[in-house]
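The values are calculated or read from the model by the stated rules, or taken from the named source; none is laboratory data. All figures in this text were calculated on a predicted structure; none of them were measured in a lab. Note: ideal-geometry Cβ built from the backbone for every residue, glycine included; neighbour counts use all protein chains shown. Accessible surface is based on the protein model in full, side chains and every heavy atom, while ligands, DNA and RNA are left aside. Shrake-Rupley method; radii C 1.70, N 1.55, O 1.52, S 1.80 Å.
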Amino acid sequence: MKFGDFLIQNEFVGQNAVNEALMVQMRLKRQKLGRLLVELGHLDKPSLNLALTRYFNPSLNESALELRAIMAKAKPTPEILKLAKRYKALATKEDQYSIEFIRVDLIDDDLLAQAEEATGKNASCFIVSKDTFEYLSSSAKGQEANTSKIVVTKALSDDDKLCTNSPYTKLFKEALGEAKKRSVSDIHIEPTSNGVTIRFRLFGALSAFKTLGPDHREGFITTVKSIVNMDLAIIGRPQDSRASFKEFKVDIRANSLPELYGEKLVLRLLDQERDFKLESSGLDNKSLHALRSSARRKDGLVLISGPTGSGKTTTLYSLLSELPRDRLNISTLENPVEYELSGINQVNINENGILTFESSLRALMRQDPDVILVGEIRDHETASLAFKAASTGHLVLSTVHANGAKEVVERLLNLGIDAFTIKSNLRLSSAQRLIPTLCKNCSLPLGNADVKELEGYFNKGILSNLRKANAKGCSSCQAGINGRIAILEYMDKEEITFFFNDTKAIETLPKHSLKDAALKLASSGTIDALEVLSFI
């Protein structure tokens, strides 16, 4: 496929743009199509670099050791070495007719153009992994000239990537700074037919930050992928990556997903300064006591359920933070590790068929643990091993997908764990949710229709005190919301025993429900009273 057809097929440019560039190319024989499209204003530089990388897909068959040997024999001129340094590349070859470079992730056409202009030779570039590049950089003394010393290019840190003059980098830096300032949990970068939209998730709801036109869609998304350490050559399948920015004191967990108009990126922001304390969750005293009592045990299993983003991991981290880490061997199995906790051994699970929760938990049992956190129980093998650890003198904390405290027990039965094992070892079965809290400055009283809908759930004397969110908001909030508070439904060991032994008691369990917790918060005006309806 010709490069022009490739550009059209992948929606970098349209047919008319290619036709115009081809007509100009007929007069300028040596001018390349991609560069003409840039000069004519049909294509920007980042998009051209991405298109070249995808079109040529230049990979090397040589190993790192073979490349090292090739570079040792190469004798690039000082001018080419200086050019390679400027574009964060390495020159691997220069002979009478051609020059070859290597880079990480992306071809830079400016590098090729300047090399060809300076020497009159054909320039090409190959892509290597970051590890290979760093290895060859450390061995680049073979490129030193006799009369001068070559400074080896160092890999950029994540913070260094934010210091370029690219307008896309500046926009990303602005978005990241604003997101940190507002305590945003996620940044969504969404390609659409009209361009690309940047949205923030704050207090569980998404709101638009900025929108760019179609001409900026590919360039901006490519720039962000590069900053968060994604492989730019991968475009047809999802990717996960991480980045850390000391300037903003935030870590990022990034994911990409191919969609109709390009790749959607979701960046989870993890505050490096976060302090894990149970009190800051807003849980009531009874819930805090239940959690702490179960975590003080020497053995047994503590389970927290809830949807994604309900604060399960935060609660478990907070429990671990209260344990005497200097006297205990505490280990975690997580997919992925979100926050680094001092004094705790954390294992990053990769579901690649080798390092799974099951295999890692088996190995961890031989590491003399006192406390084990398993990120998630999702199958019979992991559940069985977790209960085995809980029954042999270890405290195990974990999460499971279920809608409530009773449903946690039912889920364990469905996973093949027998009733006796559950009764003997499950110390706490719980379900957690996060509910938006009302802004005290602008919340509104309920309307008549709202009052009628809630009459059966509150005492009449309380109805006049109930509040709801003001969608317009004020300077102190976001659409009437200024935070979130956790609520917990739980069954302790005594209630779990009732669940199995007393069929009449099942309907009354749990005694501490999500519904009751929501009713209490609504009665005090802490949350929108209409939120209660989601727990009825």
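Measuring from each cysteine beta-carbon in the chain, the ones with no other cysteine beta-carbon under 4.7 angstrom are C125, C163.
The simple Förster model, with R0 at 25 Å and r as the Cβ-Cβ distance, assigns L355 and R297 a FRET efficiency of 0.30.
Could you pull out the trypsin sites (Lys or Arg not before Pro) across region 430-536 that fall in loop regions by DSSP (anything but H, G, I, E, B) with no more than 10 other Cβ atoms inside 10 Å? Please report the intermediate quantities before stating the final value.
On the way: sites: R433, K440, K452, K460, R467, K468, K472, R484, K493, K504, K511, K515, K520; in loops: K440, K472, K504, K511.
Those satisfying the criteria are K472, K504.
Fully extending the segment from V451 to A419 would add 7.1 nm, taking 0.36 nm per residue of separation and subtracting the current Cα-Cα distance.
With all protein chains kept in place, the per residue accessible area of region 1-120 amounts to 57 square angstrom at a probe of 1.4 angstrom.
Inter-label distance, T392 to V337: 2.4 nm, where each label sits 7 Å from its Cα along the C-beta direction. Find which of Q239, A431, C442 sits farthest along the positive direction of the dipole of the chain, computed with +1 on the beta-carbon of Lys and Arg, -1 on that of Asp and Glu, about the Cα centre. About the Cα centre, the residue reaching furthest to the positive side is C442. In this Cβ point-charge picture (+1 for Lys and Arg, -1 for Asp and Glu), region 300-404 has a dipole of about 200 debye about its Cα centre.
As an exercise, use a Förster radius of 25 Å and the Cβ-Cβ distance of I506 and I536 to find the FRET efficiency, rounded to the nearest 0.05. Write out the running numbers ahead of the final one.
Working: r = 19 Å, r/R0 = 0.76.
Rounded to the nearest 0.05, the efficiency is 0.85.
At each listed q (0.21 Å⁻¹), what is the log10 of I(q)/I(0) that the Debye formula gives for region 331-438 modelled as equal alpha-carbon point scatterers? Normalising to I(0) and taking log10 leaves -1.19. Counting only protein heavy atoms and a probe of 1.4 Å, the accessible surface of the chain is 48% carbon and sulfur.
Using 0.36 nm per residue, how much length does the chain from N165 to L260 gain when fully extended, once their Cα-Cα distance is taken away? Please list the in-between numbers first.
Details: separation 95, 0.36 × 95 = 34.20 nm, distance 3.00 nm.
Residue separation times 0.36 nm, minus the Cα-Cα distance, leaves 31.2 nm.
Calculated accessible area for region 157-218 comes out at 47 Å² per residue, all protein chains present (probe 1.4 Å; ligands, DNA, RNA ignored). Pairs exceeding a 31 Å alpha-carbon distance, out of K493/K515; K180/K264; K181/K515; K73/K170; K246/K277: K181/K515; K73/K170.
Taking 8 Å as the Cα distance limit and 6 or more residues as the minimum spacing, I'd like the relative contact order of region 269-338 as a percentage. Each step should come with its number before you reach the end.
On the way: 22 pairs, mean separation 29.4, N = 70.
Computed value for region 269-338: 42 percent relative contact order.
Rolling a 1.4 Å probe over the protein chains gives V302 an accessible area of about 0 Å². Taking all protein chains into account, the per residue accessible area for region 395-536 stands at 48 Å² (1.4 Å probe). Each Lys and Arg adds +1 at its Cβ and each Asp and Glu adds -1 at its Cβ; summed about the Cα centre, the chain shows a dipole of about 840 debye. Of [x] -0.27, -0.37, -1.36; [y] -0.42, -0.56, -1.27; [z] -0.36, -0.47, -1.27, which is the value of log10 I(q)/I(0) by the Debye sum over Cα atoms at q = 0.06, 0.07, 0.13 Å⁻¹ derived from the coordinates here? Computing log10 I(q)/I(0) by the Debye sum over Cα atoms at q = 0.06, 0.07, 0.13 Å⁻¹ and matching it to [x] -0.27, -0.37, -1.36; [y] -0.42, -0.56, -1.27; [z] -0.36, -0.47, -1.27 gives [y]. Under the criterion of Cα pairs below 8 Å and six or more residues apart, the relative contact order for the chain equals 9 percent.
For an R0 of 60 angstrom, estimate the FRET efficiency from the Cβ-Cβ distance between A69 and E322 and round to the nearest 0.05. It comes out at approximately 0.60.
Rounded to the nearest 20, the Cβ-based charge dipole of region 398-536 about its Cα centre (Lys and Arg +1, Asp and Glu -1) stands at 460 debye. Percent relative contact order of region 425-536, based on C-alpha pairs within less than 8 angstrom and at least six residues apart? Relative contact order of region 425-536: 36 percent. For the pair S464 and L270 in one chain, pulling the backbone fully straight at 0.36 nm per residue adds 65.9 nm over the alpha carbon distance. The alpha carbons of region 379-536 stretch over 54, 36, 22 Å along the principal axes, in descending order. Placing unit charges on the Cβ atoms of the charged side chains and taking the dipole of region 397-536 about its Cα centre, the candidate lying farthest along the positive direction among C477, L509, L412 is C477. Taking label points 7 Å from Cα along the Cα-to-Cβ direction, A113 and K246 give a separation of 3.5 nm.
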